[in-house]
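Working notes for the structure below.
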Amino acid sequence: MDEVITAGDASSSLRSYSSDPSIVPSNLPLLSALLACALAQFLKPFTTWFKEKRWDSKRMVSSGGMPSSHSATVTALAVAIGLQDGTGGSAFAIAIVLACVVMYDASGVRLHAGRQAELLNQIVCELPPEHPVSSVKPLRDSLGHTPLQVVAGALLGCIVAYLMRSSS
């Protein structure tokens, strides 16, 4: 026979799902991704100081730099899904494809857009002061990542996902 679900049944079922406080803390892939992103962003001022011998705390909230937080995030997500659910499922396939697209974009399109912005800023600086474009605000040039920064982010993501899985 056909089952009928009443509005009361649906709302009590929804309440039981939404009031369960263990849903978010037990989501290992989500927590791994968020932690990897936060850790990568936290490390950026330190890697800038190590390379350039200057402290730049703004790097903690900016894009670009070492390591790639985008790569760390998507890699931690994919690895955590693989460790939790196995590598044969649809969720892992989606996460791997997402990770590949994000990392390709970070080291390809965004890196070259940043280099073009750097060149355009240099051209604008060389314009005479009376030129209408000479007073334009400079473009952001730290958009993308070098392949090394992407690999470092991916490695960080793998380590975070593995350690999160081991500690749970």
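Only the coordinates and a few stated rules stand behind these numbers; no lab work does. The shown structure was predicted, so the numbers you read here are calculated from the model rather than taken from an experiment. Note: ideal-geometry Cβ built from the backbone for every residue, glycine included; neighbour counts use all protein chains shown.
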Distance (nanometres) between label positions extended 7 Å along Cα→Cβ at residue 135 and residue 98: 4.5
Gained length - residue 116 relative to residue 146, 0.36 nm times residue gap less alpha-carbon distance: 9.3 nm
Euclidean distance between Cα centres, the range 152-166 to the range 54-109, Å: 10
Distance in nm between pseudo-label sites at residue 27 and residue 126 (7 Å out along the Cβ direction from Cα): 5.0
Peptide ranges 47-53, 73-79, 154-160 listed from the most packed, as the mean C-beta count within 10 angstrom indicates: 73-79, 154-160, 47-53
Residues residue 52 and residue 166, FRET efficiency given R0 of 45 Å [Cβ-Cβ distance, rounded to 0.05]: 0.85
